[in-house]
Amino acid sequence: MSLIQVEWACDWPLILPYFDGSVPAGFPSPAEDYLETPLDLSEYLIENKAATFMMRVDGDSMKDAGILDGDLLVVDRAAKPVNGSVVIVAVNGEYTVKRLRRCLDCVWLEPANPRYQPIHVGIGEELHVFGVVRHAIHTLR
């Protein structure tokens with residue numbers, strides 16, 4: 001995975017037009033007049049600006065969670081990881097993105113692809129949680 005630090009040095013938000021309404025993903029509906037309202041994309045994606053960074057995914061171990069190879073992950077260092085959170089962690093010095101599972105005396109890092117095995121982190125092993133993944137941004141191909 002490669003780290004991309006998000007720079008928030010500028011004071012302006014990233015505002016894009018937003019057409020209020022939904023787009024049917026089933027059968028088309030008659031055209032309607034949608035009201036265009038501004039949407040600040042950074043406000044939508046970023047909860048804690050000072051504690052947010054991005055990483056690019058390399059691999060397919062989280063594909064069944066909607067995290068694909070090449071995606072950009074929006075990661076919040078200030079968010080508290082809970083059981084079931086998708087997190088960026090370093091296990092014994094190596095980075096990975098996995099779903100966090102806790103039990104009484106251990107931690108499991110669970111992939112979202114049956115081709116991969118969960119990673120057991122036992123007592124005495126080094127585990128550092130860098131942040132909770134809030135969003136995955138990917139290009140439709």
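The values are calculated or read from the model by the stated rules, or taken from the named source; none is laboratory data. Since we're looking at a predicted model, the values are computed, not measured. When we count neighbours, we look across all protein chains shown, and the Cβ atoms used for this are built from the backbone with ideal geometry, even at glycine.
Assorted remarks:
- Within segment 79-87, at least one residue is under 21 Å from Thr139 (Cα atoms), touching a residue at least 24 places away in the same chain (Cβ under 8 Å) and out of contact with any Ser or Thr (no Cβ under 7 Å at 6 or more places or on another chain).
- The strands (runs of 3 or more DSSP E) falling completely within segment 75-141 include none with 1 or more residues that are farther than 17 Å from Ser61 by Cβ and of a type in the set (Ser, Thr, Tyr).
- Here Ala112 qualifies as farther than 13 Å from Phe130 by Cβ, touching a helix residue (DSSP H, G or I) at 6+ places or on another chain (Cβ under 7 Å) and either surrounded by 14 or more Cβ atoms within 10 Å (Cβ to Cβ) or in contact (Cβ under 8 Å) with a residue 60 or more places away in the chain (or both).
- Filtering segment 96-115 to residues that are touching a strand residue (DSSP E or B) at 6+ places or on another chain (Cβ under 9 Å) and more than 16 Å from Ser85 (Cβ to Cβ) leaves only Cys106.
- The single residue among Arg101, Arg77, Arg56 that is over 15 Å from the mean Cα position of the chain (by Cα), modelled with pLDDT of 90 or more and surrounded by 12 or more Cβ atoms within 10 Å (Cβ to Cβ) turns out to be Arg101.
- Within the option set Tyr95, Tyr34, Tyr18, being modelled with pLDDT of 70 or more and surrounded by 12 or more Cβ atoms within 10 Å (Cβ to Cβ) holds for one residue only, Tyr95.
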